1. Quick one: how many residues across the range 133-164 are modelled with pLDDT of 85 or more, surrounded by fewer than 14 Cβ atoms within 10 Å (Cβ to Cβ) and not aliphatic (A, V, I, L, M)?
2. For the range 35-72, give me the residue count where each residue is more than 20 Å from E18 (Cβ to Cβ) and either part of a helix (DSSP H, G or I) or of a type in the set (S, T, N, Q) (or both).
3. What about V36, is it surrounded by 13 or more Cβ atoms within 10 Å (Cβ to Cβ), in the same structural domain as H16 (by TED's automatic domain parsing), at pLDDT 90 or above and within 13 Å of the chain's Cα centre (by Cα)?
4. Could you tell me whether R47 is modelled with pLDDT of 90 or more, surrounded by fewer than 17 Cβ atoms within 10 Å (Cβ to Cβ) and either within 30 Å of V143 (Cα to Cα) or not hydroxyl-bearing (S, T, Y) (or both)?
5. With the structure loaded, tell me whether G102 is at pLDDT below 90, outside any helix (DSSP H, G or I), assigned by TED's automatic domain parsing to the domain that holds A151 and in contact with a helix residue (DSSP H, G or I) (Cβ under 7 Å, 6 or more places away or on another chain) or whether it fails that test.
Amino acid sequence: MSAHFPQPEAIKLLEHTETAADKESGAGRVELLVDVARHRAEPHRSRLVEKAPTLAREVEKPFLGSVEGEKARALSYVAPLVDPERRPAVVMEAWQNAPKSGAFSGTGIMESLAPLIAELDPRQTSSQWRAGPERASRERRLVLDELRALAPLVARLGGRDGVLSVIEAADEVAKWWL
């Protein structure tokens, strides 16, 4: 940002955006604060990154979608900026709140989280990994959407053989969903 604006003007613009974000609500507020944090120097950056997960957890009554979906969206947006020690908890919380049952936003959230989930210790992710497709299992398409979004996690947990096993299993059970 400072390449386009002289430094004092860039800082004023970021401060103005931060003030405007405080008047917003929901995941949009968190996204604005994270965007500002990406361009701020320390200690402002850390302050905003510290504030964002708390705001994400406080999301209430979104205009569209579910509270859980909005929390997941907000947490998935801030997760890459959270310090590595706290990131696993934020990623897992976002994953647990991600919409299921064919929610398009849920698939997008899962796609953004998958690389972060794949970085986690498999012992942290295995129970959630098993629960995800089960929650989405009313329709084959939903399970396949979730598996597609979580491909990096499948590869991390099971390697090439794991990916092939998931594909074979999906093909094998296809007859049950016809």
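1. 3
2. Within the range 35-72, the first condition is being more than 20 Å from E18 (Cβ to Cβ), and the residues that meet it are 60-72.
From the residues that got through so far, the ones that are either part of a helix (DSSP H, G or I) or of a type in the set (S, T, N, Q) (or both) too are 66-72.
Total meeting the criteria: 7.
3. Working: surrounded by 13 or more Cβ atoms within 10 Å (Cβ to Cβ): yes; in the same structural domain as H16 (by TED's automatic domain parsing): yes; at pLDDT 90 or above: yes; within 13 Å of the chain's Cα centre (by Cα): no.
Against the criterion (surrounded by 13 or more Cβ atoms within 10 Å (Cβ to Cβ), in the same structural domain as H16 (by TED's automatic domain parsing), at pLDDT 90 or above and within 13 Å of the chain's Cα centre (by Cα)), V36 does not qualify.
4. On the way: modelled with pLDDT of 90 or more: yes; surrounded by fewer than 17 Cβ atoms within 10 Å (Cβ to Cβ): yes; either within 30 Å of V143 (Cα to Cα) or not hydroxyl-bearing (S, T, Y) (or both): yes.
The answer is yes for R47.
5. Judged against the criteria, G102 is a match.
The values are calculated or read from the model by the stated rules, or taken from the named source; none is laboratory data. As the structure is a prediction and not an experimental result, all values here were calculated from the model. We place every Cβ from the backbone using ideal geometry, glycine too, and count neighbours over all the protein chains shown.
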